[in-house]
Amino acid sequence: MPLPPKTSFQLWKDTIDTADNNPAWHGYDAAIKSTVDKYNAHLKSAPGFTALDWRLIKAMLWTESGGPTARAWTTQPMQIGKQGDPGLAALLGGKEGGELIMPSDIASDLTVRNVVADPMKNIQAGVGYLLMRAANFKYDDVWNPNAPITEYKVAAGDSIARIATRTGSTVGHLYWLNPGLQSEMDQHKPLKIGRALKVQKATTTKMIAGFKSLDNAAVAKLYNAGDPRYAEKLAYCLGKIK
């Protein structure tokens, strides 16, 4: 009795199995290790960051590209930046936190053009995108503690937001400098003209608040564009990687 035809997943595993005797599958090891080392060093002091294992990225690369005989292997092994993929624009756009995740030398060197043509840049961008999606961000007030604290007298038509804008501060920092002020505003009490408020230069800045754990299921959710067996594939690849 003939054996049933192999499923697409079984055929995929057969392809991965060829890595046992083909050095080409390991050709990006140095690039992956170098990239992961740079991100780990850059983010080591970030809240909740756990050092990334380069082998996870290698498993992602195998899963994404399909191996050395696949077209994507030589240019886009992490598949970021391929046509229809919004990931690269999100990473480089400066609005979703990529600028906080990427080491400065990587951030200054990545472009839309070179990420889709240079496999090293594709790996760097792929790791950055994964970590950007894993990060939790928050906005907080930042100020120089040595900046002078001065006095501002409330004028007609002033609001806390207007005062913050006029003095180069933030609403949150004004509340911090003037205890009880936020409670008054929450109770809709009007600002009395001529009232003296403490003010100091401050800005609102986006910063990293923490990171999600990156197990196979999390990576599949954060990075994958729809393969329901992605986490299973990562696990299979990791079993092959020494």
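The values are calculated or read from the model by the stated rules, or taken from the named source; none is laboratory data. Treat the numbers as computed from the prediction; the structure is a model and nothing was measured. Here Cβ is always computed from backbone atoms with ideal geometry, including for glycine, and neighbour counts include all displayed protein chains. Just so you know, the surface numbers come from the protein's heavy atoms only, side chains and all, with ligands and any DNA or RNA stripped out. Shrake-Rupley method; radii C 1.70, N 1.55, O 1.52, S 1.80 Å.
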Practice prompt. Ignoring everything but the protein chains, give the 1.4 Å probe accessible area of Met207 in square angstrom, nearest 10.
Written response: 50
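Let me know the shape class of region 3-52, please: from the alpha-carbon gyration tensor, a ≥ b ≥ c as square roots of the eigenvalues, rounded when a/c is under 1.5, otherwise prolate if a/b is greater than b/c, or oblate. The partial results should precede the final answer.
Details: a/c = 6.31, a/b = 2.22, b/c = 2.84.
Oblate shape, in that a/c is at least 1.5 and b/c is the bigger or equal ratio.
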Item to complete: Could you pull the accessible area for Lys189 with a 1.4 Å probe, rounded to 10 Å²?
Response: 100
Worksheet item: So which aspartates and glutamates can Lys198 reach, going by Cα to Cα under 12 Å and dropping same-chain residues fewer than 8 places off?
Response: Glu151
Worksheet, complete the sentence: With a ≥ b ≥ c from the Cα gyration tensor eigenvalues, square-rooted, and the rule rounded for a/c under 1.5, otherwise prolate when a/b > b/c and oblate otherwise, region 50-121 is oblate
Worksheet item: So, in Å, what gap is there between the alpha-carbon centers of region 48-84 and region 187-209?
Response: 46
Worksheet entry | Within a Gaussian network of the chain (alpha carbon springs, distance under 10 Å), most fluctuating of Trp143, Trp62, Trp54 | Trp143
Fill in: For semi-axes √(5λ) of the Cα gyration tensor in Å, calculated from these coordinates, the label among [x] 24, 23, 16; [y] 51, 18, 15; [z] 37, 21, 15
[y]
Discussion item. Less than 23 Å apart at the alpha-carbon level, and either on another chain or at least 8 residues along: which lysines does that give for Lys58?
Written reply: Lys13, Lys33, Lys38, Lys44, Lys82, Lys121, Lys212, Lys221, Lys233, Lys240, Lys242
Response to the item:
Comparing Arg55, Arg166, Arg133 in a Gaussian network model of the chain (Cα, 10 Å), the one with the largest mean-square fluctuation is Arg166
Discussion item. Could you sort the peptides 86-92, 219-225 by per-residue average Cβ neighbour count (10 Å cutoff), highest mean leading?
Written reply: 86-92, 219-225
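With contacts defined as alpha carbon pairs under 8 Å and 6 or more residues apart, what's the relative contact order of region 108-242 in percent? Provide the component values of the computation, followed by the final result.
Details: 140 pairs, mean separation 44.6, N = 135.
The value is 33 percent.
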Discussion item. Order Tyr236, Tyr129, Tyr139 by their accessible area, 1.4 angstrom probe, all chains in place, largest first.
Written reply: Tyr139, Tyr236, Tyr129
Worksheet entry | Gaussian network model of the chain, springs between alpha carbon atoms under 10 Å - residue of Ile16, Ile123, Ile101 with greatest fluctuation | Ile16
